[in-house]
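Following: one structure in structure tokens, then a few remarks.
The values are calculated or read from the model by the stated rules, or taken from the named source; none is laboratory data. These figures come from a predicted structure and were not determined experimentally. Note that each Cβ is placed from the backbone with ideal geometry, even for glycine, and that neighbours are counted across all protein chains shown.
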Amino acid sequence: MYEDILLNIKRPAQYIGHEWNVAAKDFDRAAVKFALSFPDLYEIGMSNLGLRIIYGLLNNIPDITCERFFAVDSDLEKILRLEGKEILSLESRRKLSEFDLAGFSLGSELDYTNVLNILDLAHLPLKASLRNSKYPLIIGGGPCVLNPEPMHDFFDFFVIGEAEDLILEIIDTYRRYKNAYKAGEMDKKELLSILSKLEGVYVPSFYDLAYDSEGKVKEFKPNLDSAPHKIKKRFVKDLNLSYYPKDWIVPNVQIVHDRITLEIMRGCPNRCRFCQAKPQYFPLRYRQIESALNLAEDIYKCTGYEELSLSGLSVSDYPYIEELLRKLINLFKPKGVSLSLPSVRAKSIIGSIFSLIAKFKKTGLTFAPEAGSERLRDLLLKDFNSEDFFKALKDAYASGYQHVKLYFMIGIPQERDDDLDAIIEFSSRVSKLKKEAGSSPAGVNISINSLIPKPHTALQWSSMQGLKSIEYKQDYLRSNSKKDKRLKISFHNLKMSFLEGILSRGDRRLSEVIMNAFKKGAKFDAWSIYFNFGVWEEAFRESGIDPEFYLREKSVDELLPWDFIDTGISKEALVDEFNKIIAI
């Protein structure tokens, strides 16, 4: 149906499907039809490993068809709305309403309005309470569902944890009751009740909340006897036995991560107090070397990609990284395939590991000190030894590396101006060290984000600094960085970070705000060309909600909106870490 309008829009190839290695299944003959939806553009969604895993896993089941939906850009959306047409799947051009289940991957709070836009373009009621058996069940999953409450109005249920460990149980349950449900012999509440008995499934309509006079949550309890009081996060027990896609889809257009992604570990051995990825991907698991090598070779044979990237929260902590790198180089160097790594720890590029990395990538190195001063790194429990770092960096410069990228945060508890000065001093030293290695000073790219004290971290009780404080710190750093022309500093949009902080730390009352913002035109809030903070300010005012309420400091005794989720890391352990922070 899009074919007649593709010539009138930009990047039309993102909407045509039919990519290399895409699944080709008979939609009408499938017993269960699953819509896999990603609330951003194709180039972002197809770079998401989780989407590829679920897509391949489901399409490997004979009687299941899984098809993809992505957000459409503004030019195509305008045409669809003017002509009264619906958004369609990439594979067989089907409407979302023709599917049984629709799963949305929620990787960023700033994508929330895109979820509503996809539902709206599919002509589906936005609120779960308004959708009956004629519509697909709408499922939410991904990192953001560590606090699903702000989106509770729009989803029938959420998958807490790693979806590939649970999705087949959901499909099997739905398959068993589909005929009765579609025939009206079973109502939606009854079907959701059965699904809620699966570990990791959270049905928000089965829970009631009460608030105290200050607006804090004072009670969260099931309104259905069968609904569990706690939702336990699901996770894959053994990466080596779990599904991983070999028929890697090769897009028709360039995407953000246009390469083979090889996941070698899940979880993280580090204990950074600010990192939400730790509870999200807990516990720590490793893929065996032989399994990783076999996957890499199989995917290469199916794609012909000329770049392979290792994936994990801290790949340089993979215990067999040296052996794996050697074998990958031996396997792929003769084929002309390059290898890339995300940011690495300084101690991991000392010695033989460093020499291996230097063989395949000399363009630049990426590190994340997170804070400029040792004092704040200790507060964050960031394992970053400056002595190791500068020793390794000097060796890297001597081996031919030219550029360094550094990631820092501002808005850290107890942060002072001298901690901001330390960011510039640290970065300048990184630049000048290259001169000591016998060359001109290095160019250093500095990326600075605002700290968001996220749910299920030791900082979840800390306040998040407001717009004026972050604006002051950005101006301070911007001004001081001008003293060294080799430093190029960039900041994440402070108003985007402000909004992300609110949505990540919010409760159910934010569903109304999100709905109001969407109705006022909010969408693609993670894209600076579309983001309109004024729309969100109006939405908060109309809903009678002060956004600053969600950024305040919290008592460790307070009932938090996300306390009902069990990530595997106890709240007592987080309280202990938080108490250590405030004692510093």
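From the set of residues in the stretch 553-572 that are without any contact (Cβ under 8 Å) to a residue 60 or more places away in the chain and under 24 Å from the mean Cα position of the chain (by Cα), which is nearest to residue 215 (Cα to Cα)? Filtering the stretch 553-572 for residues that are without any contact (Cβ under 8 Å) to a residue 60 or more places away in the chain and under 24 Å from the mean Cα position of the chain (by Cα), the one nearest to residue 215 (Cα to Cα) comes out as 571.
Would you be able to say whether some residue in the stretch 495-505 is over 20 Å from residue 39 (Cα atoms), surrounded by 18 or more Cβ atoms within 10 Å (Cβ to Cβ) and in contact (Cβ under 8 Å) with a residue 60 or more places away in the chain? Yes, the conditions are met somewhere in the stretch 495-505.
Residues that are in contact (Cβ under 8 Å) with a residue 40 or more places away in the chain and in a loop (DSSP other than H, G, I, E, B) within the stretch 375-409 comprise 381, 382, 383, 399, 400, 401, 402, listed in sequence order. Mind checking which residues of the stretch 250-266 are surrounded by fewer than 21 Cβ atoms within 10 Å (Cβ to Cβ) and part of a loop (DSSP other than H, G, I, E, B)? Listed by number, the residues that qualify are 251, 252, 253, 254, 255, 256, 257, 258, 259.
In the stretch 541-560, of all residues being at negative phi and among the small types (Gly, Ala, Ser), the one that is surrounded by the most Cβ atoms within 10 Å (Cβ to Cβ) corresponds to 543. For the stretch 292-337, a tally of residues being in contact with a Pro (Cβ under 8 Å, 6 or more places away or on another chain), among the hydrophobic types (A, V, I, L, M, F, W, C) and part of a strand (DSSP E or B) returns 1. Could you check, for the stretch 494-514, whether at least one of its residues is at positive phi, aromatic (Phe, Trp, Tyr) and modelled with pLDDT of 95 or more? Within the stretch 494-514, not a single residue is at positive phi, aromatic (Phe, Trp, Tyr) and modelled with pLDDT of 95 or more. Could you please let me know if residue 566 is buried (at least 16 other Cβ atoms within 10 Å of the Cβ) and under 19 Å from residue 277 (Cα atoms)? Spelling it out, residue 566 is indeed buried (at least 16 other Cβ atoms within 10 Å of the Cβ) and under 19 Å from residue 277 (Cα atoms). Take residue 281 and decide whether it is surrounded by fewer than 17 Cβ atoms within 10 Å (Cβ to Cβ), outside the structural domain of residue 16 (by TED's automatic domain parsing) and within 17 Å of residue 50 (Cα to Cα). It is false that residue 281 is surrounded by fewer than 17 Cβ atoms within 10 Å (Cβ to Cβ), outside the structural domain of residue 16 (by TED's automatic domain parsing) and within 17 Å of residue 50 (Cα to Cα).
The residue of the stretch 155-210 that is nearest to residue 97 (Cα to Cα), among those that are over 30 Å from the mean Cα position of the chain (by Cα) and hydroxyl-bearing (Ser, Thr, Tyr), is 181. The residue that is farthest from residue 529 (Cα to Cα), among those in the stretch 438-497 that are under 25 Å from the mean Cα position of the chain (by Cα) and of a type in the set (Val, Ile, Thr), is 457.
Evaluating residue 412 against the criteria (1) touching a Lys or Arg at 6+ places or on another chain (Cβ under 9 Å); (2) not in a helix (DSSP H, G or I) leaves one unmet condition, (1). When the helices (runs of 4 or more DSSP H) confined to the stretch 1-111 are screened for residues that are closer than 27 Å to residue 310 by Cα and touching a Ser or Thr at 6+ places or on another chain (Cβ under 7 Å), those reaching at least 1 such residues are found at 49-59.
Residues in the stretch 389-407 that are surrounded by fewer than 16 Cβ atoms within 10 Å (Cβ to Cβ) and at pLDDT below 85: 4 in all.
Yes or no, residue by residue, for (1) in contact with a Phe, Trp or Tyr (Cβ under 9 Å, 6 or more places away or on another chain); (2) farther than 30 Å from residue 107 by Cβ:
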residue: 460; (1), (2): yes, no
residue: 471; (1), (2): no, no
residue: 480; (1), (2): no, yes
residue: 492; (1), (2): no, no
residue: 502; (1), (2): yes, no
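Restricted to the stretch 413-435, and to residues there that are under 16 Å from residue 379 (Cβ atoms) and touching a residue at least 60 places away in the same chain (Cβ under 8 Å), the residue that is surrounded by the fewest Cβ atoms within 10 Å (Cβ to Cβ) is 414.
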